[in-house]
1. Could you tell me whether region B:67-87 includes any residue that is in contact (Cβ under 8 Å) with a residue 24 or more places away in the chain, touching a strand residue (DSSP E or B) at 6+ places or on another chain (Cβ under 7 Å), over 21 Å from A:Ile422 (Cα atoms) and surrounded by fewer than 18 Cβ atoms within 10 Å (Cβ to Cβ)?
2. Kindly establish whether B:Ala51 is within 13 Å of chain A (Cβ to nearest Cβ) and more than 12 Å from the chain's Cα centre (by Cα).
3. What strands (runs of 3 or more DSSP E), lying completely within region A:395-490, carry at least 1 residues that are of a type in the set (Asp, Glu), in contact (Cβ under 8 Å) with a residue 24 or more places away in the chain and under 17 Å from A:Pro341 (Cβ atoms)?
4. Can you name every residue in region A:277-333 that is crowded, with 19+ Cβ neighbours inside 10 Å, free of Cβ contacts under 8 Å to residues at least 60 places away in the same chain and either polar (S, T, N, Q) or assigned to a loop (DSSP other than H, G, I, E, B) (or both)?
5. Look at region A:3-12 and say how many of its residues are more than 9 Å from every other protein chain (Cβ to nearest Cβ), surrounded by fewer than 17 Cβ atoms within 10 Å (Cβ to Cβ) and part of a helix (DSSP H, G or I).
6. Just the residues that are of a type outside the set (Lys, Arg), more than 9 Å from every other protein chain (Cβ to nearest Cβ) and either assigned to a loop (DSSP other than H, G, I, E, B) or touching a helix residue (DSSP H, G or I) at 6+ places or on another chain (Cβ under 9 Å) (or both), please, taken from region A:33-47.
7. Would you pick out the residues in region C:73-92 that are at the interface with chain A (Cβ under 10 Å from one of its Cβ atoms) and under 14 Å from C:Tyr6 (Cβ atoms)?
Amino acid sequence: MYKYDNYDQAMVDARVAEFRDQINRRIAGEITEDQFKPLRLMNGLYLQLHAYMLRVAIPYGTLDSRQMRMLAHIARKYDRDYGHFTTRQNIQYNWIKLEDCADILEELATVEMHAIQTSGNCIRNISSDQYAGAAADEVTDPRPWAELLRQWSTFHPEFSYLPRKFKIAVIASSEDRAAMRLHDIGLELVRKDGELGARVFVGGGMGRTPMIAPEINPFVKADDLLSYLEACLRVYNRYGRRDNMYKARIKILIHEIGADEYRRQVAEEFAHVKTLGIDPPLAELERISAFFAPPAYDAANAEPDRNDPDFALWLDQNVKPHKQAGYAIVNISLKPIGGIPGDATSAQIDVMADLAEKYSFDELRVTHAQNIVLPYVAKRDLYAAWQALRDAELADANLDLISDIIACPGLDYCSLANARSIPVAQKIATRFADMDRQRDLGELKLKISGCINACGHHHAGHIGILGVDKKGVENYQLTFGGSGAEDVSIGKIIGPGFDEDGVVDAVEKATEVYKALREGDERFVDTYRRVGLEPFKEAIYG
Amino acid sequence: MKLLTGNDLVSGAVTWWTGNGWSIHVEDAADVGEHGEAILHAEEGARRVNAPYIIDALPTENGPRPAHIKDRIRALGPTVRTDLTLKPADPTAGDWII
Amino acid sequence: MVEFRYRADEVTEQPSVTLDAFLDQSNATAVRLEPDDDARALIPFLDRLTLIEVAFPKFRDGRGYSAARILREAGYQGELRAQGDVLVDQMAYMRRCGFDSFAPEASLNPDAVARALAFYDHAYQGAADSAVPIWKRRHG
């Protein structure tokens, strides 16, 4: 994975010094909270329900054991001994003090980590496919491109006071494992006439008005990409709405002027920007790509012993095929039944660091589904890895099953929330605790958001749950039929909302309808798409 | 009754105006009546509180109970991690939130 | 008041006219752009202008950063001033976008400004200033 050179290190070190100065000036009263807020947001620092919350960046979800151990250390030293992995592949700490923040960032900088632009009206963490470098279906590893974009977007002087946040995802396969079409800009790397380039989608997003990004350009060459993105961002910075924060994302601009007009404006701006010479030479992408060379694979192809039935179940559910013979992709579930989705204790984080170092060429990934991946595990090591995970309560064999819930922190933690999301996730997982029942239901992506900002990606859930405030009481709306994969779709609200127990019952009824009507190996979402809402509505409300 | 609440600038902790200072315990919160805005501006200007606002609450025998569930969660802590709340040893503390 | 100016030449304190007024009568040498004005409307007239003032009524409204870069990209060499809700912590990015003078409404601490402009020795991306982007330093 990427290693900083002196320049990269100097940039994060300078940022620490700058933010420390800004914090000191805030505490001394030289700047108001209103003036300080965008500055702290651009360093990932929120003022949340209980304390400050710090969102540390994990660029395109990739990190090594040394960095993972630092995250555990931060949790122990400055927080309450745990962290929360997010739907943008980052990690959040919920109990941070402002007076510690600069020290935390200084410690993070010693292992090439930061909290740069993980919030604010600027370009956020570039996300990517959690199986990058390991998946057989990728055209290339998307992460060098993500790293190129990370550097281009970091401290971008023109695009740090955008109308609203800006999220970019990069994938390199036709299977979309990063919800790419639901980003402000989504890039799918493709080959054309032997050359690598990006298919550019602009204007996706969730929140109040979910939209699927239309294709704006079918192919942008590598050495045009930064100029092209600069043009995309400049048009947005100039013409994105600033009158209403709920209509300020680029998806609204594209919806209002139309994709064709946006494409035309970008093309015009691109023709101009291209003359400025801001694109690095291909040698820079090559330099970065060298850090992402395949690991020194050395394991012969050996199927693991399936004698232990629990191990076999985990193998079948959580372990995915690898492009390299003899290897496998391990998914570590952070969704124990009844637990808090995406949370890990510092001890668990340390265990995962150790396993990465021992069994995965020292590399881990964070997924946008709030799980962790060990991307390069030799099949001969799977059993030992599983045993260690089991001992650390990290071996739930529920990847993509109904209890593998994506849930935002919700009203338990977040000052934006209208309702709690975690208790709903816990109740649903507990209702379906029987693993045979879960496996019978099969792939069922359930996503819960505690408010319309949709950080739980509920629009993209096969089953989505949205928490709302109904006259001061928590209420939950149910949506069906969403997907963040390549079969991308926005879920539809099925009817009036429910209270907490009511929504759990409704989910259960929906799964019963699915089981009654499914054909062949249809998933829940396939059956719903085939039979429509009526049978489900009848069972739930009838 | 009206309560004045916010966060401590430096620690980030949730705080409640007691009448002559700030406490992390909602039981200590005072009714600011008509004077909330004036106190808010003075305290915020002096940086003794950050991001303050005024809320409705009902007086109870155990102290003020914020009208909105969000502020009750702020007052106690996350309902899903009772060990991290202000009353970790009290298993019924969360009932007060709902 | 122009408190922070990073040009060697004399300040020409011509009153700046609005863009509409400038386009109507072209004697003025100083023009003021509001956030929703199109900076490109000035491109035919850049060699006649000694001062372009870009208004920042609210510091969060970042349109002026694009306006500044567009003007420098078009070859404007005169004074490019950020005026209004201009704060210490935006000045470094503003300098990179081509602003070389500042007329903040609030009174800014000059030591804080000097520090703010000196934190970074390098830049990742090309902009309107003369900083050599890091990728260029890597590859010569």
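The values are calculated or read from the model by the stated rules, or taken from the named source; none is laboratory data. Note that the coordinates shown come from a computational prediction; the quantities given were computed from them, not determined experimentally. Backbone-built Cβ (ideal geometry, glycine too); neighbour counts: all protein chains shown.
1. Checked against the condition, which is being in contact (Cβ under 8 Å) with a residue 24 or more places away in the chain, touching a strand residue (DSSP E or B) at 6+ places or on another chain (Cβ under 7 Å), over 21 Å from A:Ile422 (Cα atoms) and surrounded by fewer than 18 Cβ atoms within 10 Å (Cβ to Cβ), region B:67-87 yields no hits at all.
2. yes
3. Where strands (runs of 3 or more DSSP E) fall fully within region A:395-490, none carries at least 1 residues being of a type in the set (Asp, Glu), in contact (Cβ under 8 Å) with a residue 24 or more places away in the chain and under 17 Å from A:Pro341 (Cβ atoms).
4. Within region A:277-333, just A:Asp279 meets the criteria.
5. Final tally of qualifying residues: 2.
6. Selection gives A:Met42, A:Asn43, A:Gly44, A:Leu45, A:Tyr46.
7. C:Ala92
Let's see how each residue does on (1) crowded, with 22+ Cβ neighbours inside 10 Å; (2) under 30 Å from A:Glu215 (Cβ atoms); (3) among the polar types (S, T, N, Q):
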site: A:Gly450; (1), (2), (3): yes, no, no
site: A:His462; (1), (2), (3): yes, yes, no
site: A:Gly472; (1), (2), (3): no, no, no
site: A:Asn475; (1), (2), (3): no, no, yes
site: A:Gly482; (1), (2), (3): yes, yes, no
site: A:Val488; (1), (2), (3): no, yes, no
site: A:Lys492; (1), (2), (3): no, yes, no
site: A:Gly497; (1), (2), (3): no, no, no
site: A:Leu517; (1), (2), (3): no, no, no
